[in-house]
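**Student:** Below: one structure in structure tokens.
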Amino acid sequence: WSGHHLLLFGADFWCEKNMSDKDKRTVFISGASRGIGAAIAKDLARSGYDIWLNYRSSTGQAKKVKKEIEAFGRTCTLLPFDVSDETAVNENMEPLLRDQVPYGLIHNAGITRDTLLPLMRRDEWDSVIDVHLNSFFILARLFSKVMLSRREGRIISIASLSGETGQAGQVNYSAAKAGLIGASKALARELGKRNILVNVVSPGLIETEMIEKLPLDTILPLIPLGRVGRVEEVSGVVRFLLSEEAGYITGQVFSVNGGMYM
Ligand code: NDP
């Protein structure tokens, strides 16, 4: 413990620099070519942030989002790579991070491989844990190192109702999302004294391609608000968590689920 303590609060072997205004207005978002990530990217661009936009394969969609961001007068750097591939992350990010430290890391990339556990293949378990949780380790470790030198930053992960309640058919996904919540709380404790805030936004059912195959007729009666959520209702919470006014909030989970779980 004393070694960790020294690293975080004692020896400053990362040279300290203040965040520039440009740094303060830049965020990295994983999985932002479509769905919730794309909505977060556009919402933040409209609010004055430049965007580092990661995605894996939807190049056409990512280019469309980039255009919309540029229409708001902001810059958008497209970063196509698999966020669970540590070598790819480091190769792409390290040169950028040498020049600039973004204020925000938003880890949103996600996949589902739903099936009941007795039928689940090992690769269906591994790929879901990789994209959600192992990529949090890769990204949060990389970004927190550079944020530490600036004594400023925000790390926000998109979890899920399934990670709070557990969901049948989603043992892999529920484990990954619950893992994100635990990891974020622990990291919030590690980084708090350096003014790096770590929080989680936990959506219920949000209208994106991810929920296209779900039997909504049977699910809607379970939602007090009686409807699925809109992507903007998630991005608004992320925008708030990046704001000055959210400066005393860390280690928290913000549920955006229409009251489905309270
Ligand atoms: P979508 O399927 O609409 O979009 C997923 C995004 O993640 C795409 O941009 C995709 O890029 C990207 N992505 C997937 N795998 C990787 C990877 N290995 N590396 C980089 N990017 C990747 O999902 P949603 O927008 O619905 O979901 C976004 C997040 O919100 C996820 O973490 C999801 O678990 C969570 N969530 C969603 C809910 C919902 O109801 N929609 C509810 C609760 C949580 P590409 O297309 O290029 O592969």
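**Student:** Please state which one of 164, 190, 212 is in contact with a Phe, Trp or Tyr (Cβ under 7 Å, 6 or more places away or on another chain), surrounded by fewer than 21 Cβ atoms within 10 Å (Cβ to Cβ) and of a type in the set (D, E, K, R).
**Tutor:** Only one candidate passes the filter, namely 164.
**Student:** If you don't mind, there's one more thing I want to ask. Looking at (1) β-branched (Val, Ile, Thr); (2) within 12 Å of the ligand (Cβ to nearest atom); (3) more than 23 Å from residue 169 (Cα to Cα); (4) not in a helix (DSSP H, G or I), which is the one condition that is false for residue 138?
**Tutor:** Answer for residue 138: the failing condition is (4).
**Student:** Looking at (1) within 15 Å of the ligand (Cβ to nearest atom); (2) hydrophobic (A, V, I, L, M, F, W, C); (3) touching a residue at least 12 places away in the same chain (Cβ under 8 Å); (4) part of a helix (DSSP H, G or I), can you tell me which one residue 97 breaks?
**Tutor:** Every listed condition holds for residue 97 apart from (1).
**Student:** In addition: Six or more apart or on different chains, Cβ atoms under 9 Å: show the pairs whose first residue is in the stretch 71-87 and assigned to a loop (DSSP other than H, G, I, E, B) and among the charged types (D, E, K, R) and whose second is at pLDDT below 95 and more than 12 Å from the ligand (Cβ to nearest atom).
**Tutor:** Going by the 9 Å Cβ cut-off, the qualifying pairs are 74/25.
**Student:** Turning to a different aspect of this structure: Does residue 91 qualify as being more than 10 Å from the ligand (Cβ to nearest atom), at pLDDT 95 or above, touching a helix residue (DSSP H, G or I) at 6+ places or on another chain (Cβ under 6 Å) and charged (D, E, K, R)?
**Tutor:** Numbers: more than 10 Å from the ligand (Cβ to nearest atom): yes; at pLDDT 95 or above: yes; touching a helix residue (DSSP H, G or I) at 6+ places or on another chain (Cβ under 6 Å): no; charged (D, E, K, R): yes.
In short, no.
**Student:** It is to be established whether one or more residues within the stretch 145-163 are part of a loop (DSSP other than H, G, I, E, B) and either within 15 Å of the ligand (Cβ to nearest atom) or under 18 Å from residue 53 (Cα atoms) (or both). Let's see the steps before the verdict.
**Tutor:** As a first pass, look at the stretch 145-163 and keep what is part of a loop (DSSP other than H, G, I, E, B): 151-152, 159-160.
Retained after the next criterion (residues that are either within 15 Å of the ligand (Cβ to nearest atom) or under 18 Å from residue 53 (Cα atoms) (or both)): 159-160.
Yes: the stretch 145-163 contains one or more residues that are part of a loop (DSSP other than H, G, I, E, B) and either within 15 Å of the ligand (Cβ to nearest atom) or under 18 Å from residue 53 (Cα atoms) (or both).
A quick yes/no check of all residues on (1) in contact (Cβ under 8 Å) with a residue 60 or more places away in the chain; (2) within 26 Å of residue 27 (Cα to Cα); (3) aliphatic (A, V, I, L, M):
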{"residue": "198", "(1), (2), (3)": "no, yes, yes"}
{"residue": "207", "(1), (2), (3)": "no, yes, no"}
{"residue": "213", "(1), (2), (3)": "no, no, no"}
{"residue": "220", "(1), (2), (3)": "no, no, yes"}
{"residue": "229", "(1), (2), (3)": "no, yes, no"}
{"residue": "249", "(1), (2), (3)": "no, yes, yes"}
{"residue": "253", "(1), (2), (3)": "yes, yes, yes"}
{"residue": "258", "(1), (2), (3)": "no, no, no"}
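**Student:** Can you name the residue in the stretch 193-208 that is aliphatic (A, V, I, L, M) and within 16 Å of the ligand (Cβ to nearest atom) and, of all such residues, is surrounded by the fewest Cβ atoms within 10 Å (Cβ to Cβ)? Lay out the reasoning, then the answer.
**Tutor:** Quick first cut of the stretch 193-208, residues aliphatic (A, V, I, L, M) only: 196-198, 200-201, 205-206.
Those left that are additionally within 16 Å of the ligand (Cβ to nearest atom): 200-201, 205-206.
Values: 200: 27, 201: 25, 205: 21, 206: 23.
Across the stretch 193-208, the extreme among qualifying residues is 205.
**Student:** Tell me which residues, restricted to the stretch 40-88, are away from the ligand (no atom under 12 Å from the Cβ), over 15 Å from the mean Cα position of the chain (by Cα) and of a type in the set (A, V, I, L, M, F, W, C).
**Tutor:** 45, 69, 71, 72, 76
The values are calculated or read from the model by the stated rules, or taken from the named source; none is laboratory data. As the structure is a computational prediction, the values presented were derived from the model and not from experiment. Reconstructed Cβ throughout: ideal geometry from the backbone, glycine too, with neighbour counts over all protein chains shown.
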